[in-house]
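Structure first, commentary second.
The values are calculated or read from the model by the stated rules, or taken from the named source; none is laboratory data. Everything quoted here is computed from the prediction, not taken from an experiment. FYI the Cβ positions are ideal-geometry reconstructions off the backbone, even for glycines, and counts take in every protein chain you see. Remember, those area values only see protein heavy atoms, side chains included, never the ligands or the DNA or RNA. Shrake-Rupley method; radii C 1.70, N 1.55, O 1.52, S 1.80 Å.
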Amino acid sequence: MTGAIDLLLSVRGHQRIPSDTKEFHEATKRDALMRLKKDLDHLLETVEESRKTGVQKEMCGFEALYHRFLQEDGPSVEWDRIEKLPEEAVKDYSTLKLPQEAHIRDMLDKLVVVKLNGGLGTSMGCHGPKSVIPVRNDLTFLDMTVQQIEFLNKKYNANVPLVLMNSFNTDVDTEKVIRKYKGFQVQIYTFNQSCYPRISRDSLLPIAKDFDIENDIEAWYPPGHGDFYQSFQNSGLLRKFLEEGREYCFLSNIDNLGATVDIKILNRLIGDDRQGDKPIEFVMEVTDKTRADVKGGTLIHYENKLRLLEIAQVPKEHVDDFKSVKTFKFFNTNNIWARLESIERVLNAKTMNMEIIVNNKTLDNGIRVIQLETAVGAAMKCFDGGIGINVPRSRFLPVKKTSDLLLVMSNLYSLKYGSLVMSPQRMFPTTPLVKLGDNHFSKVKEFLSRFANIPDLIELDHLTVSGDVTFGRGVSLRGTVIIIANHGDRIDIPAGAILENKIVSGNMRILDH
């Protein structure tokens, strides 16, 4: 059977299937789908009665995703059919107008803020949800988000709710943490994204034997942030907010500290800067691509629609074209504004058709599995009147690694009502490029132990640190600084040191005597 499965999986590449194998291929697909339905029915028998309705909805979503995975032949985008972006497709942020102060409260009362909160902090060596990692002044991502929204609500006497999309990995811990915000002027809602079974790459069937997720957590996964739309509707929150008269949601990753509510963008959607009779249904915030962003998704025009193009969809022979800063000038920040009424319409019409990301993994026990995922921005093509807005780089400040953490903890930024504001002393708007060695800096605890305090980075362009390196108090880094301690060596940068356009290598150790 494995040979048939490998043939089936070759569909996910960019080769069309030869006609002489088509009949065999169709039979394999039918067989796989029938066997999956049987397996899902068996799994559903193990669900406790109180959860059955919700789980059945989720499994319907999974079955539809799986069916599309089997159906799709060849690439989702034919390279030669990508068209040049129309002139009006991407608006420049600088052309947006500030609303009149008197209208801001009404606009905010039509908004819902959604944060994607499904990720764990394991890649940075932390336990529990990533959103509870302290990033600045002992404040976590979640603390800063709540502060930002409370500030808006207090300043304008508004009622912007915060919605957290959790996963089964983060739900329990998040529910405990949000109790501490009870006294804040922010209504917080949570819902869980779907929980789908991982599929064996060999059999194309779920590896789970029952719905006891906690006891077999490796057999299950959250299917990417594209699952937001369906899970949001399933939770009942989409309908609730529509009934309250809310019109738009602003959605972003909780670890993007630049993704704050922007009054100018909101004004373009529902304020006095709105243009034309038709509402804008979908906005993707993009920003100028740099050499550090070449793998990020970009905006293209295809079949008369704006849509997201991810590197996974690009044929191998065109990957260099995709990475070109000249050809594709923008990349997706994953800050999305979507009209609630339009989300409901597209879901009810069953026209939410996002490209499937096939994520191959090998589990600790050696089992090779497939996760079928989707990306939230890929829904753009399903909406009418979508636009891109080219926003300043300051709206894209993700913390994925400790190198990002170094920047947000430094004097490059000050903290104002939960928002990070770049220092006016910084001469250029871009942030420095920082690369910290994985072996000594990748985990938060070890990273923090290597700095007596965070160096002055105001005049830094580029920093590379590799090996066993520590920094004393009051160090200043300027221009391009490269510090490399070879294997077995250690470098201690002394307190008060000023390194400007310097390469430091070898062994430099300061010992007490």
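A few remarks follow.
- Those residues of region 338-353 which are in a loop (DSSP other than H, G, I, E, B) and within 28 Å of residue 220 (Cα to Cα), in sequence order: 350, 351, 352, 353
- Candidate set from region 118-139 (those that are among the hydroxyl-bearing types (Ser, Thr, Tyr) and either in contact (Cβ under 8 Å) with a residue 12 or more places away in the chain or outside the structural domain of residue 196 (by the TED database) (or both)); member that is nearest to residue 173 (Cα to Cα): 131
- Taking residues in region 489-507 that are part of a strand (DSSP E or B), and partners anywhere that are open to solvent by less than 70 Å² (accessible area, probe 1.4 Å) and among the aromatic types (Phe, Trp, Tyr), the pairs with Cβ atoms closer than 7 Å and at least 6 places apart or on different chains are 493/471.
- Filter result for residue 387 (aliphatic (A, V, I, L, M) and surrounded by 22 or more Cβ atoms within 10 Å (Cβ to Cβ)): no
- Of all residues making up region 250-283, the number that are free of Cβ contacts under 8 Å to residues at least 12 places away in the same chain and among the charged types (D, E, K, R): 2
- Filter result for residue 274 (in contact with a helix residue (DSSP H, G or I) (Cβ under 7 Å, 6 or more places away or on another chain), among the basic types (Lys, Arg) and modelled with pLDDT under 90): yes
- Sole residue being closer than 24 Å to residue 233 by Cα and modelled with pLDDT under 95, chosen from 190, 122, 145, 170: 170
- Considering residues of region 18-61 that are more than 21 Å from residue 205 (Cα to Cα) and in a loop (DSSP other than H, G, I, E, B) only, the residue modelled with the lowest pLDDT: 18
- Restricting attention to region 255-272, the residues that are of a type outside the set (A, V, I, L, M) and assigned to a helix (DSSP H, G or I) add up to 3.
- A search for C-beta distances below 7 Å between a residue of region 160-182 that is outside the structural domain of residue 263 (by the TED database) and any residue that is modelled with pLDDT of 95 or more and crowded, with 17+ Cβ neighbours inside 10 Å, counting only pairs 6+ apart in sequence or on different chains, returns nothing.
- Hits in region 470-493 (condition: of a type in the set (A, V, I, L, M, F, W, C) and more than 21 Å from residue 411 (Cα to Cα)): 484, 485, 491
- Residues in region 415-471 that are on the phi > 0 side of the Ramachandran plot and either charged (D, E, K, R) or more than 26 Å from the chain's Cα centre (by Cα) (or both): 1 in all.
- Every listed requirement among (1) over 19 Å from the mean Cα position of the chain (by Cα); (2) at pLDDT 95 or above is met by residue 389 save one, (1).
- The residue that is surrounded by the most Cβ atoms within 10 Å (Cβ to Cβ), among those in region 98-143 that are of a type in the set (Ser, Thr, Tyr) and touching a strand residue (DSSP E or B) at 6+ places or on another chain (Cβ under 7 Å), is 131.
- Scanning region 436-448 for residues that are in contact (Cβ under 8 Å) with a residue 60 or more places away in the chain, open to solvent by 80 Å² or more (accessible area, probe 1.4 Å) and not in a loop (DSSP other than H, G, I, E, B) yields a single hit, 445.
- Scanning region 271-323 for residues that are of a type in the set (Ser, Thr, Tyr) and either in the same structural domain as residue 429 (by the TED database) or open to solvent by 30 Å² or more (accessible area, probe 1.4 Å) (or both) turns up just one, 290.
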